[in-house]
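Quick notes on the structure that follows.
Since every read-out is calculated from the coordinates, none of them should be taken as a lab result. Please read these numbers as outputs of a predicted model, since none were measured by experiment. Neighbour counts run over all protein chains shown; Cβ positions are idealised from the backbone, glycine included.
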């Protein structure tokens with residue numbers, strides 16, 4: 001798939017990161033890394049997200065550079081997912097709150113019709129909550145063919161909660177949850193700028 005590749009990492013940070021977040025500078029030195037966003041999880045602040053935007057990446061890339069940098073600040077890696085999103089996600093990553101929803105489509109479910117319903121749901125969010133939401137996109141996780149990640153930007157957690165208060169959106173969300181196993185979290189993401 002063309003376009004940039006995004007890598008989402010979720011982990012528990014160690015004391016080295018807490019003392020000096022500049023340990024992330026090493027990621028910016030890796031060839032083909034365009035941008036990096038970082039942020040703590042709203043639901044559980046022990047977790048940190050890093051989103052790395054790659055201009056390209058050789059399929060045989062072995063992550064040695066990333067692993068070397070991560071060893072300096074990561075205590076416990078929860079996951080590492082590589083995704084080509086079907087729509088631009090940088091604006092969603094630039095909002096005060098970024099929804100990071102991952103879902104596994106159950107084996108009995110036809111994926112493409114499900115994704116069409118997901119796209120329609122996103123359009124409803126855009127129409128109903130235009131002042132609160134910045135739509136990002138969704139994409140398949142490279143390592144897992146039935147796993148997808150969705151990014152949506154929110155101006156606040158209250159904006160996200162409006163989905164639950166809107167009968168049409170809530171009904172559509174409930175229908176989308178049936179055919180999948182999902183996990184929805186939120187991060188306070190900011191673009192990482194080197195602090196050399």
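According to the Kirkwood relation over distinct C-alpha pairs, the hydrodynamic radius of segment 5-86 is 13.1 Å.
For the chain, with a Gaussian network of springs between Cα atoms less than 10 Å apart, report the residue from 171, 128, 101 with the top mean-square fluctuation. Between 171, 128, 101, it is 171 that shows the largest mean-square fluctuation.
The calculated FRET efficiency for residue 193 paired with residue 108, based on their beta-carbon distance and R0 = 45 Å, is about 0.50. Relative to the first principal axis of the alpha-carbon coordinates of the chain, what is the inclination of helix 111-128, with its axis defined by its Cα atoms, in degrees from 0 to 90 and to the nearest 10? With both axes taken from Cα atoms, the answer is about 80 degrees.
The calculated 222 nm mean residue ellipticity attributable to helices in the chain amounts to -8000 deg cm²/dmol, summing -39500 (n - 2.57) over DSSP H runs of n ≥ 4 and dividing by all residues.
The convex hull of the Cα atoms of segment 72-196, projected and averaged over all directions, covers 9.0 nm².
The protection proxy used here, the mean number of other Cβ atoms lying within 10 Å of each residue, ranks peptides 156-168, 133-145 as follows, highest first: 133-145, 156-168.
All alpha carbon pair distances within segment 72-125 were sorted into 10 Å bins beginning at 0; the resulting P(r) in whole percents reads 15, 41, 33, 10, 1.
When you restrict to C-alpha pairs under 8 Å that are six or more residues apart and normalise by the size of the chain, the relative contact order lands at 30 percent. The modelled label-to-label distance between residue 182 and residue 91, using points 7 Å beyond Cα along the C-beta direction, is 2.2 nm. Site pair residue 76 and residue 175 shows an inter-label distance of 3.9 nm when each label is modelled 7 Å from Cα along Cα→Cβ.
Relative to the globular-protein estimate of 2.2 N^0.38 Å, the Cα radius of gyration of segment 127-196 stands at 1.33.
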